[in-house]
1. Among (1) touching a helix residue (DSSP H, G or I) at 6+ places or on another chain (Cβ under 9 Å); (2) surrounded by fewer than 23 Cβ atoms within 10 Å (Cβ to Cβ), which single condition is Arg96 missing?
2. Does the stretch 165-179 include one or more residues that are over 26 Å from the mean Cα position of the chain (by Cα), under 25 Å from His120 (Cα atoms) and surrounded by 14 or more Cβ atoms within 10 Å (Cβ to Cβ)?
3. If the requirement is being in the same structural domain as Leu125 (by TED's automatic domain parsing), under 19 Å from Ala128 (Cβ atoms) and out of contact with any helix residue (DSSP H, G or I) (no Cβ under 8 Å at 6 or more places or on another chain), which of these qualifies: Arg217, Arg169, Arg242?
4. So which residues in the stretch 1-41 are within 28 Å of Asp61 (Cα to Cα) and among the polar types (S, T, N, Q), if there are any at all?
5. Sort out for me the strands (runs of 3 or more DSSP E) sitting completely within the stretch 1-119 that have 3 or more residues that are modelled with pLDDT of 90 or more and not β-branched (Val, Ile, Thr).
6. Asn141: within 20 Å of Ala248 (Cα to Cα) and polar (S, T, N, Q), yes or no?
7. May I ask you to list the residues in the stretch 60-71 that are buried (at least 16 other Cβ atoms within 10 Å of the Cβ) and under 24 Å from Asp92 (Cβ atoms)?
Amino acid sequence: MPDAHLPAGDLVLVEVVSAKGSTPREAGAFMLVGAASIHGTVGGGHLEFEAIDLARAMLNDARIEQRMDFTLGPDTGQCCGGRVSLRLRRLDQALRDEIEARLTRQAAGAPDVYLFGAGHVGRALARALEPLPFRLTVIENRPEELDLLDPQINRRLLAMPEEAAAAIRPGGAAVILTHDHALDFLIASEALLRDDLAYVGMIGSKTKRGVFASYLRDSGYGPDLLERLILPIGGERLRDKRPEVIAALVAAELLEKLLSPTHSNRGQ
């Protein structure tokens, strides 16, 4: 998830204060506009272009606050049919602190995604998940693999990765794709023993699922644990084993499982 610290320099906060009917973003959505930078979005299109122009005009004069009311109709090239009200405010220190606090709260409330394994698929998945509204942590027992992750991605080096399953906050996810099937099974067992996780998934095949079912039986666990395991991750409709494709499919699966209203209250 993106860092809560705001970029330096003069900025204008552009915030959706009301959204009626069909609109590209909801009330509370915002972006930050600098003289040569844009962070976030209020929906794109003509609405956003006008907001950016006004925000940059504010940076060049003495205006502190402006309002915009926008009807999304055919004359603007946005046929949503809704109505959006925007509030533009030039950032002072108090407003900067308020926005950083808001981002910190959002980050704290985002569901945990613990990704076990930083091989080819793990790294591709970490890159796909990092900008999404999750608290991502990559777990590995191989330091050389962690070193290959993008620098901004949170990571932990653990000799026994399965121990990290206990640290996932309720409502979170364990995604298991290590280099070792036996380690996969250990991690999955620990995660599945919890009944407050929204997602426990393992990379693999139907054959691997059968082997894991035997492992659970031999370990004295009932069949209910296996029923809660997603294996293979990413679904079976698209049989494409490229790491980036798997990452896209799993990211979509996690968004549905962790952020949809049906699942978002699990474990709370």
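1. Here Arg96 meets the rest and fails (1).
2. No, the conditions are met nowhere in the stretch 165-179.
3. From the options Arg217, Arg169, Arg242, the qualifying one is Arg242.
4. Ser18, Ser37, Thr41
5. Correct list: 12-20, 30-33, 65-71, 83-90, 112-116.
6. no
7. Correct list: Gln66, Met68.
Yes/no per residue for (1) closer than 22 Å to Glu130 by Cβ; (2) out of contact with any Asp or Glu (no Cβ under 7 Å at 6 or more places or on another chain); (3) modelled with pLDDT of 90 or more:
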position	(1), (2), (3)
Asp180	no, yes, yes
Asp184	no, yes, yes
Leu197	yes, yes, yes
Gly210	no, yes, yes
Glu236	no, yes, no
Leu258	yes, yes, yes
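The values are calculated or read from the model by the stated rules, or taken from the named source; none is laboratory data. Worth saying up front: this structure is predicted, and the values here are computed from it rather than measured. Quick reminder, even Gly has a Cβ in these numbers, built from the backbone with ideal geometry, and neighbours come from all protein chains shown.
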